[in-house]
Each structure stands twice: as structure tokens, then as C-alpha cells.
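Report on the structure given below.
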């Protein structure tokens, strides 16, 4: 299983939200590049970067921070938040993103995302499935689209999308454990999809259980920043 640390950005700073609530924001002292370099020095190879301002504003905001991370590390960065147009995705790739996470736009404008899959390759587009009660949440988790998760995934699996980051919003930031049952259900229905679990990881036991389930990767955020899981533990895993 791939361990993928997360860096969420507001005002060029590392932050964490609780259940996607911008009012429940906690800033961390280190700048994103310093954090990314620390992950890289521990032997971690991948990084999940989210432009939270971009997600809220529906446009790319922290492209400069992405560029700084990819310039100063060799990490493979998947980047999301505010990727809503051809210009935005071009900017993100030019800034060094290895993959792009298509979240709200994959719900609101599937035709555009289909053109990205054709242009950049299905392996370059990660489907972002943010979920509340098995319904897709969009626009920084502020809006319930009413779209069923499994119907949503099915449409993109047909287009050979290979990767999906699934976040259960009810679990995110609470450090109370991931949505194990939901992830098992997804893997049972879409066995070839490379599922990346996101949200709720609180300790190493959670990571071991996800690994035993067979998820492709797991994003680790708040548990690391709050000292529940050490960098050494992530690296050894």
C-alpha cells in the first residue's frame, strides 16, 4: 500500500480542516516546501496537495506553492482544488503536478473531464470522490450533488480511469478511523480500480487494516500533523 501524505494549502500555508469546514481550520507552522522535503527525506515518494482556496473559489489559487514543491523535491505530486478549466489543468501540469485530481468538475462537467482523459491519459487523472452518505459532495464539500457514488464511479471506470481518491467527509479530520466498510464496498464492485483511502486515519492500526483490505494507497494528514503517527512510522510502513 502506498503511503501518501497530504498538504492542504490556504494562504500558502499548511492547514487541516475538520469535516471540510473552513471555519474549523488549523494552521501548522512549517511552510509547505519544508514539509514536503521532510517527507521526501524520509523516503516517501508521493504527495497529495490540495488547494483549499482553489476548491472554494473554483479556480487555481496556489499554483505558486505547487511549483515550489515540485521544484525543490522529486516527489510525485497529485494536485487538486480549483481544477475547473483547460487553462487550470495546463497550469497545474506546467507547475510540475504528476497527476491531477478531478473532483467537483467530474460531477458538474463530465464532458470536459472526458477530454482531459483523452488528452493526458487516464493514468494522469485521479477521480476525486468526496462522499456523504454515499452521495458525492462537491465544491469543497460544501454542496451535496445528490449523485450516487457508485453510479459516479461506474461512468468513469468505463472511461478507463485507474485511480480514485475517496474521502468520507463524515470521517475527515476527526481521527476516529477511516470508512472501512465503504472502501470494501467500492473494492468489491470495482476490483480493478486503484482505490486511495482518505479521511479518518488516526493511528498505525488503521493503516495496517487498510493494507490488509488491499487498498492501493492511503492519504495521511491530520494524524501526522497532530503527532498520532510519526514520520519514522510512515517511512517504515
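In table form, for the structure just shown:
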read-out	value
Fraction of antiparallel bridges per DSSP, the stretch 2-236 only, in percent to nearest 5	25 percent
Peptides ranked, highest mean first, by Cβ atoms within 10 Å: ranges 37-50, 202-215	37-50, 202-215
Normalised contact order of the stretch 2-236, rounded percent, pairs of Cα under 8 Å and 6 or more residues apart	18 percent
Sites residue 134 and residue 98, calculated FRET efficiency, Cβ-Cβ separation with R0 35 Å, nearest 0.05	0.75
Förster-model FRET efficiency, 30 Å R0, residue 87 and residue 38, C-beta, rounded to 0.05	0.40
Inter-label distance for residue 187 and residue 232, nm, one decimal - labels placed 7 Å from Cα along Cα-to-Cβ	2.9 nm
Cα centroid separation, the stretch 75-146 to the stretch 192-225 (Å)	20 Å
Cα→Cβ-extended label distance, 7 Å offset, between residue 112 and residue 76, nm	2.7 nm
Using a Förster distance of 30 Å, the FRET efficiency for residue 211-residue 119 (Cβ separation, nearest 0.05)	0.35
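Read-outs: derived from the displayed coordinates by stated rules, not from any lab. If you're wondering where the values come from, they're calculated on a predicted model, not measured in any experiment. Cβ atoms come from the backbone with ideal geometry, glycine included; neighbour counts cover every protein chain shown.
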